[in-house]
Amino acid sequence: VSRLEYIHSCHYIHRNIKPQNILLRQSDSRHATTVFLIDFSVALQYHDPATRIHIPYQEGCPFVGTPAFSSISYHCGYQSGHHDDIESLAYTLVYLLRGSLPWFSDANTSLSSNVICNLKCDTMVETLCDGLPVEFMTFIKYSRLLAYGARPDYDYLKKLLEDCIVQPVCFYLT
């Protein structure tokens, strides 16, 4: 979440949050790990550099990125925003904990973007997060409720994830 907060503070939307674009580096200290986000090939500057005005909301935007981890609104062709990166991060975290998503697993890696979008829309957040800490469900619902152009409450999102860390993660691995 801190990395997204920084990227967003630089007026960019990543637009391709997925496990392959997250790198971890263990530091010399015992518990510190540095998180890196890579691959900014489809990132979007959401403020005009000259006027510092937010880009306008649009519909019918072309899809770029990875369908399995993209937000529902981005699948629908809506202009991407902060909330889309947050929702993508949530799907990525659920995937890393479970090893699959209802619309993405070893058995169905070749589904079309439209089919994946329909599966995302049909999957209740409670079902997606079944067996995971309730904070994941809250995280996803929060990301979906953010309005276009709204600044996420990064501290709130970090707190949700911190609350999960104190719970035994190995219980959720299958």
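The values are calculated or read from the model by the stated rules, or taken from the named source; none is laboratory data. The model shown is predicted, which means the values in this text are computed figures rather than measured ones. All Cβ positions, even for glycine, are placed from backbone atoms using ideal geometry, and neighbour counts span all protein chains on display.
Among the residues examined, residue 140 does not qualify as touching a residue at least 60 places away in the same chain (Cβ under 8 Å), in a helix (DSSP H, G or I) and not basic (Lys, Arg). Within segment 9-21, track down each residue that is within 13 Å of residue 152 (Cα to Cα) and under 13 Å from the mean Cα position of the chain (by Cα). Listed by number, the list holds a single entry, 13. What about residue 159, is it at pLDDT 90 or above, farther than 17 Å from residue 82 by Cβ and assigned to a helix (DSSP H, G or I)? Judged against the criteria, residue 159 is a match. If only residues of segment 79-92 that are assigned to a helix (DSSP H, G or I) and not aliphatic (A, V, I, L, M) are counted, the one that is surrounded by the most Cβ atoms within 10 Å (Cβ to Cβ) is 85.
The residue list 131, 65 contains one member that is touching a residue at least 24 places away in the same chain (Cβ under 8 Å), assigned to a loop (DSSP other than H, G, I, E, B) and farther than 25 Å from residue 8 by Cα, which is 131. Here residue 149 meets the list (1) at pLDDT 95 or above; (2) small (Gly, Ala, Ser); (3) under 22 Å from residue 11 (Cβ atoms) almost entirely, failing just condition (1).
Restricting attention to segment 111-151, which residues are small (Gly, Ala, Ser) and more than 20 Å from residue 21 (Cβ to Cβ)? Correct list: 112, 131, 147, 149, 150. Taken over segment 93-128, the criterion of being in a loop (DSSP other than H, G, I, E, B) and modelled with pLDDT under 95 is satisfied by 99, 100, 102, 103, 105, 106, 107, 108, 109, 110, 111, 112. In segment 69-78, the condition of being without any contact (Cβ under 8 Å) to a residue 24 or more places away in the chain, on the phi > 0 side of the Ramachandran plot and surrounded by 11 or more Cβ atoms within 10 Å (Cβ to Cβ) is met by at least one residue. Restricting attention to segment 1-27 and to residues that are part of a helix (DSSP H, G or I) and of a type in the set (A, V, I, L, M), the residue that is surrounded by the most Cβ atoms within 10 Å (Cβ to Cβ) turns out to be 4. Which of the residues belonging to segment 28-52 are loosely packed, with under 10 Cβ neighbours inside 10 Å and part of a loop (DSSP other than H, G, I, E, B)? The answer is 28, 29, 30, 31, 32, 49, 50, 51, 52. The requirement of being on the phi > 0 side of the Ramachandran plot, part of a loop (DSSP other than H, G, I, E, B) and over 17 Å from the mean Cα position of the chain (by Cα) is not satisfied by residue 149.
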